[in-house]
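This report refers to the structure that appears directly beneath it.
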Amino acid sequence: MKYCQDCGAMLRGRADKKFCDDHCRCHYNNAINKIRDSGFKEINRILKKNTDILEKFSQQGIHQTTQRILSATGFNFSFSTHRLYDKKGETCICCYNYGYITINEEELTILQTTHLLYNKPNQQIPSQILKFE
Ligand SMILES: [Zn+2]
């Protein structure tokens with residue numbers, strides 16, 4: 001016996017039926033989308049806040065700071081959008097068009113990411129890959 005995934009009523013008819021009718025199907029899908037969208041919204045809110053903080057520092061001409069100071073402003077180090085590389089191959093952790101490069105355990109450099117690279121420059125190809133025998 002199968003039951004409606006939305007209201008739990010016993011289903012009659014086709015074996016692959018999941019819902020009583022369009023009302024139950026729409027209600028169920030809307031509930032699923034609402035849960036999914038709330039997850040997007042929360043993460044996007046954090047990413048936007050991180051980006052705003054980096055932008056504010058950058059626009060005030062503050063490019064060197066510490067993790068502690070950034071955290072104190074509400075920056076969340078658990079969230080970023082992607083990684084890029086500078087010409088020296090240092091990894092920039094990005095929040096959209098701003099990011100930071102860690103200098104050491106505490107200090108970091110804030111920068112706009114427009115000039116950064118998608119791949120590490122001058123990457124050494126391991127010699128064993130070059131040999132085909
Ligand atoms: Zn139903």
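Things worth noting here:
- Near Phe57: Cβ cut-off under 14 Å, other residues only, Lys/Arg at +1 and Asp/Glu at -1. The net charge is 0.
- FRET efficiency estimate (nearest 0.05) - Cβ-Cβ, Ser78 to Ile35, R0 35 angstrom: 0.95
- Distances between placed amide hydrogens fall under 5 Å for Thr81 paired with Cys94, Cys95, Tyr96, all partners being 5 or more residues away or on another chain.
- Taking a point 7 Å from the Cα of Asn44 along the Cα-to-Cβ direction, the residues of segment 75-102 with backbone N closer than 17 Å to it are 80-82, 95-97.
- Panel values: segment 16-128, Kirkwood radius from alpha carbon pairs, Stokes-Einstein at 25 °C and 0.890 mPa s, translational diffusion coefficient 147 µm²/s.
- Rounded tilt (10° steps) of 22-59 against the dominant C-alpha axis of the chain: 10
- Averaging 1/r over every pair of different alpha carbons in segment 29-81 and inverting the result gives a Kirkwood radius of 12.5 Å.
- Listed by chain and number, the lysines placed with their C-alpha closer than 17 angstrom to that of Lys2 are Lys17, Lys18; residues fewer than eight positions away on the same chain are left out.
Each value in this text was obtained by applying a stated rule to the coordinates, not by laboratory testing. These numbers come from a predicted model, not from an experiment. Cβ atoms come from the backbone with ideal geometry, glycine included; neighbour counts cover every protein chain shown.
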